[in-house]
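Any read-out appearing in this document is the output of simple, stated calculations on the displayed coordinates, not a laboratory observation. Fair warning: this is a prediction, and the values are worked out from it, not measured in the lab. Here Cβ is always computed from backbone atoms with ideal geometry, including for glycine, and neighbour counts include all displayed protein chains.
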Amino acid sequence: MIPGFAQRRRFSDLSEQEVLALAISSEEDDARIYRQYAESLRDEFPASASIFDGMAAEEDEHRRRLIELHEARFGTMIPLIRREHVSGYYARRPVWLVENLGLERIREEAAGMEDQARRFYEAAARRTTDSATRKLLGDLAAAEAGHAATADELEDKHLDPEARDTEDEAAKRQFVLTWVQPGLAGLMDGSVSTLAPIFAAAFATGDTWQTFLVGLAASVGAGISMGFTEAASDDGELSGRGSPLKRGIASGVMTTLGGLGHALPYLIPDFWTATTIAGIVVFIELWAIAWIQNRYMETPFFRAAMQVVLGGALVLAAGVLIGSG
């Protein structure tokens, strides 16, 4: 037992029966996780859901074989021991914490699950001196390594090129709706709407520090406002735009960054140096917005550039004129 942590055991202290019981419970947990992934993907990504159904069935088969081995060696009474009872054993994040992940991330999580199990059993087999335990752990490591091949076979069976293209396109669309669209709206708002107050303050006061404070306040305030507005405007259930929290974070952070981009140069004490650099940053920001619109929103680049640059130039000119007057 570990001093101060009586509820946890060292792996080296487990008997062969307990190692087998731990493997049984781990296979059962992983099968449930795969089924949860399948259910979360079934509506939008039915082909990938079928893959995870198949992987869950594989885990069930391994658990059945492990139970048969336990009954043959130790009887029908299986000790209750789970991964959280063993110090150093690989952990699984609760499914409810990862259920909102995108398709590619879920695939990565599943690959990581298999790799974790394989590496753990291989390392455990190297550490033990008992031949029977070494053989048992080696067999488990081989079984986990075989899961990757099974996943590839299931993917070839259920996920043909057309289905993969369809699911990838749906995943891309979800990424755009959840992250890119609100982030782009925030970047545009932060970059353009803060131009007038920042440059008006600059030309009205000629004080770079005061201009920076105005820019900081405008950027942070706009970011908070945009973030809460985006999160509260749509829960994503009917529109399919995804988690309001994620959209709010994307919108709020990008709004703040858009304003800070041309506020930070005013940390430079020399007014004209700071203003020149701020103007260059504004130019870069506006072209970045046009590029994002072209890359993710499929807006023709020159049309996006004309719209953004022209709008930004007008706001900038308004700020300079108001500040100079």
Check: Which value, to two decimals, describes the C-alpha radius of gyration of the range 38-86 once divided by 2.2 N^0.38 Å?
Finding: 1.61
Item checked: Per-peptide average of other Cβ atoms within 10 Å, ordering 32-40, 134-142 highest first -> 32-40, 134-142
Check: How big is the gap, in Å, between the Cα center of the range 263-282 and the Cα center of the range 31-85?
Finding: 59
Next item on the list: State the Cα centre-to-centre distance between the range 285-325 and the range 180-223 in whole Å.
Entry: 15
Notebook entry, point to check: Roughly how big is the range 180-251's charge dipole about its Cα centre, with Cβ charges of +1 (Lys, Arg) and -1 (Asp, Glu), in debye to the nearest 20?
Noted result: 120
Next item on the list: Please report, largest first and rounded to whole Å, the three semi-axes of the ellipsoid equivalent to the range 165-324, where each semi-axis is the square root of five times an eigenvalue of the C-alpha gyration tensor.
Entry: 31, 17, 11
